[in-house]
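The values are calculated or read from the model by the stated rules, or taken from the named source; none is laboratory data. Note that the coordinates shown come from a computational prediction; the quantities given were computed from them, not determined experimentally. Every residue, glycine as well, gets a Cβ built from its backbone with ideal geometry; the counts of neighbours run over all protein chains shown.
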Ligand SMILES: [Zn+2]
């Protein structure tokens, strides 16, 4: 069989770099970033958030072929920051946002468990019958 | 390029908000608001495909006189949910020093059954993990039915016998769906279709023919004759995360977030590698530690602070034990710090 191993979808090969920058000379302040062994999860997330970022003029991504796990992200800035800086900023912002989401979720979940336990305790107290009150 | 993760720009000043509407052993339903669709969808994708779990990957069959072919049984065994509690301490076999598998990168389960009566069912309860595993519950078949049998593997008739040995390994669902932690993830937004992201097919009246979403009451229905809002974007998302049994549903969410953060931290690390030589250096972020093994500097049992000013332990900071998942294995919010 000549089917590629499934883990080639997410495992970098020997010496392969996760991300490389290629300056795109056809436009000003523009770079292409090639992400190896990634998919729409990062491609869409990063390019959509880059579009909303300050100093970013243009951002977009493509996955040239569905069987090839490579993402290309093109970023053009207004020149006050480099495309690389714009990308790093977005990554940091997203790490923080997901961090906040995680905290929010755990807080909400803990509150919920607390409430459920309260309910349980209430039921138990009822089960033990009238304690003289 | 200073960056303070606590100070977000104005549009983000609130950040994502979570409201849980149901949580039990099987599922957690929650609303994620004040986030954009890419943010929500990436979380959904990562929960489906990239959270490490454990599943049977190798089967050695010693005796099979059942009516089912060896490979058929092997496939069924692969799909049986096994508890992933403690899987963060298990190595990927491809990153382990051993030849094929060992106790550091696998869990062995044995199955032996012979039908002495008329007919018997062999189910995942009969799969017995051997003693030498790194974590007490890791690899134990998930039993969620009332009878306590687990999933049916095969049936035997009189004098038929099955005897085999299984090797369960760590993996992610991108490689094979058997490693998926979630049985399904419900994901919806805009219950009244105000954004027109969907076309409702209909015979005569879409409103009468389509059932209302359970979240329809949560959002304002459109007014009669309301003009289309071209600037509107989706910002409330309704998740329904259902577990296959191997990881508790709330942990699927927290682990999904963690995996995404690791991916992003890996990018930050690679993109700023040169910058760090001169000074504030200790940036030992994971080089996507879970995935691109072989890279240098991945000896730590956990991840060193992937992002931020080194030192203080963060969510994925030092040793698996401080991760939200590892600290209070299953159940409950330890105060695993989120960066
Ligand atoms: Zn090993």
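Within the stretch B:105-137, the set of residues being out of contact with any strand residue (DSSP E or B) (no Cβ under 9 Å at 6 or more places or on another chain) and at pLDDT 95 or above comprises B:116, B:117.
Yes or no: residue B:58 modelled with pLDDT of 95 or more and touching a strand residue (DSSP E or B) at 6+ places or on another chain (Cβ under 6 Å)? Yes: the conditions hold for residue B:58. The residues listed here are A:130, A:67, A:49, A:124; of these, the one that is surrounded by 15 or more Cβ atoms within 10 Å (Cβ to Cβ) and either away from chain B (no Cβ under 12 Å) or modelled with pLDDT of 95 or more (or both) is A:49. Of the strands (runs of 3 or more DSSP E) lying entirely inside the stretch B:19-137, those containing at least 1 residues that are buried (at least 20 other Cβ atoms within 10 Å of the Cβ) and within 16 Å of the ligand (Cβ to nearest atom) span B:53-64, B:106-114. Cβ-Cβ distances below 9 Å connect the following pairs, each with a first residue in the stretch B:92-108 that is farther than 20 Å from residue B:172 by Cβ and in contact (Cβ under 8 Å) with a residue 60 or more places away in the chain, a second residue that is assigned to a loop (DSSP other than H, G, I, E, B) and within 8 Å of the ligand (Cβ to nearest atom), and a separation of six or more residues or different chains: B:108/B:101.
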